[in-house]
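Comments concern the structure below.
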């Protein structure tokens, strides 16, 4: 009787309005309406704080048969607009044989040591601080001809999910023997095309 009297006094509608799920849904609906009713601003930028700070010891790292790659700015982080990857190249090691890209540009920033960069038929010795910009459809490769470790930053724009390429390279180069067909399939999937498919697998000099 008490329950019936209570329902009569407050009414079924009031009970429904007191339901927590209803209150949450109503709150979300009200916020959506506020956003829709907000007047567009054509004259001022809407500022956001989406910056990322990646410190020297941070980032996922892979060891590719001696060469190490650390992901700094990933495709996910940049919405596939840019990829930045720190490379550590041991002495007398090939990073990549001559190849080219169709849909992305590549930039080399040498941080330590002397990097040999091949562009077409030309080769350049790049000292620390050197920046080499290689647009799409430009054949290029790089290696370390010295007895010291070379460190550099590789930047791809757009990144074309380059992390998948490095992870596939990790799997492929750690196999013995290396499967050329699998290597080429990986290259082609991630917008990399060897100039000479009979001489495309990076090996120590």
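The values are calculated or read from the model by the stated rules, or taken from the named source; none is laboratory data. Quick caveat, the model's predicted, so the values are computed rather than measured. We place every Cβ from the backbone using ideal geometry, glycine too, and count neighbours over all the protein chains shown.
Of note, residue 103 does not satisfy the criterion of being in contact with a helix residue (DSSP H, G or I) (Cβ under 7 Å, 6 or more places away or on another chain) and assigned by TED's automatic domain parsing to the domain that holds residue 154. The requirement of being modelled with pLDDT under 95 and in contact with a helix residue (DSSP H, G or I) (Cβ under 9 Å, 6 or more places away or on another chain) is not satisfied by residue 205.
Residue 143 fulfils the conditions (1) modelled with pLDDT under 95; (2) farther than 16 Å from residue 105 by Cα except for a single criterion, (1).
Candidates in the range 110-128 are the residues that are under 23 Å from the mean Cα position of the chain (by Cα) and surrounded by fewer than 20 Cβ atoms within 10 Å (Cβ to Cβ); of these, the one that is farthest from residue 152 (Cα to Cα) is 112. Which of the residues belonging to the range 131-172 are assigned to a helix (DSSP H, G or I) and touching a helix residue (DSSP H, G or I) at 6+ places or on another chain (Cβ under 9 Å)? Scanning the range 131-172 gives 162, 163, 164, 165, 168, 169, 171, 172.
Remark: residue 135 falls outside the filter, which requires a residue to be in contact with a strand residue (DSSP E or B) (Cβ under 6 Å, 6 or more places away or on another chain) and over 23 Å from residue 194 (Cβ atoms). Among the residues of the range 165-179, those that are surrounded by 14 or more Cβ atoms within 10 Å (Cβ to Cβ) and without any contact (Cβ under 8 Å) to a residue 40 or more places away in the chain comprise 165, 168, 172, 178. Against the conditions (1) touching a residue at least 24 places away in the same chain (Cβ under 8 Å); (2) under 13 Å from the mean Cα position of the chain (by Cα); (3) loosely packed, with under 15 Cβ neighbours inside 10 Å, residue 79 satisfies every one except (1). Examine the range 42-62 for a residue that is over 19 Å from residue 163 (Cβ atoms), modelled with pLDDT under 95, in the same structural domain as residue 171 (by TED's automatic domain parsing) and assigned to a loop (DSSP other than H, G, I, E, B), and state whether such a residue exists. Within the range 42-62, not a single residue is over 19 Å from residue 163 (Cβ atoms), modelled with pLDDT under 95, in the same structural domain as residue 171 (by TED's automatic domain parsing) and assigned to a loop (DSSP other than H, G, I, E, B).
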